[in-house]
Amino acid sequence: MGESGFTWVVDPIDGTSPFLNGMPNWCVSIAVLHGGRPVIGLIDAPLLEEHYAGAAGCGAFLNDVRLAIDPARTLRDMPIGFGANHHAAPEVVGAFIASLHAEGGMFLRLGSGALMIAYVAAGRLAGYFEPYMHAWDCLAGYCLVSESGGWYLPSPTVPVSPGAATSSPWRPAHARISCACRAWRWRSEVEPSDEKASEEIE
């Protein structure tokens with residue numbers, strides 16, 4: 001970081017399993033933080049020929065097309081991205097899937113959390129949830145989602161922000177944060193400005 005106040009957070013390959021098994025759904029993720037907030041986000045999926053770029057106050061783009069999330073879409077009419085690894089207890093994973101299905105939602109898993117957060121910014125997913133996530137997997141996507149009109153839950157390095165990444169007006173009532181959400185419980189008809197989303201943050 002030096003004395004500039006800027007920190008680079010780089011994941012050279014997010015989606016290692018798809019990459020090693022010859023699938024195209026992996027990406028390079030680069031974020032730049034200033035004051036603990038992601039101010040630049042770049043996610044490049046070379047085999048899909050998709051380049052996502054965003055900067056604070058400048059918007060987010062996919063291959064030079066500006067992204068804008070439709071706030072009317074919810075998890076009942078769009079799938080939500082989901083990821084889990086060995087850090088997440090099976091009970092936590094199962095409880096989330098059960099609660100999502102109980103709310104009428106569907107989930108999609110690609111094997112790359114960074115790419116699925118980019119899909120939220122692109123309006124392809126209503127949101128993304130992962131019980132345990134590293135900073136290099138999510139911070140670039142946080143910038144993209146915020147600049148496309150969505151919002152994300154805080155992490156240890158990211159303050160509460162308007163705008164786990166989501167385009168949906170649905171949000172968790174309580175959250176415990178690692179980098180994305182560590183626990184997620186759905187509640188309907190809560191606006192993104194509701195202060196309860198910042199309760200119980202570790």
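Please find, among G94, G104, G123, G113, the residue that is of a type in the set (G, A, S) and touching a helix residue (DSSP H, G or I) at 6+ places or on another chain (Cβ under 6 Å). Full working, then the answer.
Details: G94 fails: touching a helix residue (DSSP H, G or I) at 6+ places or on another chain (Cβ under 6 Å); G104 fails: touching a helix residue (DSSP H, G or I) at 6+ places or on another chain (Cβ under 6 Å); G123 fails: touching a helix residue (DSSP H, G or I) at 6+ places or on another chain (Cβ under 6 Å).
The conditions single out G113.
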**Request:** Go over the candidates F96, F129 one by one and state the one that is at pLDDT below 85, among the hydrophobic types (A, V, I, L, M, F, W, C), over 24 Å from V32 (Cβ atoms) and in contact with a Cys (Cβ under 8 Å, 6 or more places away or on another chain).
**Result:** F129
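Here's a check for you: in the range 1-23, which residue that is in contact with a helix residue (DSSP H, G or I) (Cβ under 7 Å, 6 or more places away or on another chain) and crowded, with 17+ Cβ neighbours inside 10 Å is nearest to G57 (Cα to Cα)?
To start, the set of residues in the range 1-23 that are in contact with a helix residue (DSSP H, G or I) (Cβ under 7 Å, 6 or more places away or on another chain) comprises 9-11, 13-15.
The next check asks that each one be crowded, with 17+ Cβ neighbours inside 10 Å; those that pass are 9, 11, 14-15.
Values: V9: 20, D11: 24, D14: 26, G15: 29 Å.
By that ranking, first place goes to V9.
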**Prompt:** Of (1) at pLDDT below 75; (2) touching a helix residue (DSSP H, G or I) at 6+ places or on another chain (Cβ under 7 Å), A140 satisfies all except one. Which?
**Reply:** (1)
**Request:** Output the number of residues of the range 41-66 satisfying the condition of being hydrophobic (A, V, I, L, M, F, W, C), over 15 Å from the mean Cα position of the chain (by Cα) and closer than 28 Å to P131 by Cβ.
**Result:** 5
**Request:** Identify, from the list G83, G111, the residue that is at positive phi and in contact with a Gly (Cβ under 7 Å, 6 or more places away or on another chain).
**Result:** G111
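Kindly establish whether S146 is polar (S, T, N, Q), surrounded by fewer than 24 Cβ atoms within 10 Å (Cβ to Cβ) and assigned to a helix (DSSP H, G or I). Give the derivation first.
Working: polar (S, T, N, Q): yes; surrounded by fewer than 24 Cβ atoms within 10 Å (Cβ to Cβ): no; assigned to a helix (DSSP H, G or I): yes.
Taking the combined requirement at face value, the residue does not satisfy it.
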**Message:** Quick test of your reading of the structure: V32 fulfils all but one of (1) touching a strand residue (DSSP E or B) at 6+ places or on another chain (Cβ under 6 Å); (2) surrounded by fewer than 19 Cβ atoms within 10 Å (Cβ to Cβ). Name the failing condition by number.
**Reply:** (2)
**Complete:** Okay, strands (runs of 3 or more DSSP E) sitting entirely in the range 9-126 with 3 or more residues that are under 14 Å from E147 (Cα atoms), I get 37-45, 50-55, 59-62
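The values are calculated or read from the model by the stated rules, or taken from the named source; none is laboratory data. As the structure is a computational prediction, the values presented were derived from the model and not from experiment. Neighbour counts run over all protein chains shown; Cβ positions are idealised from the backbone, glycine included.
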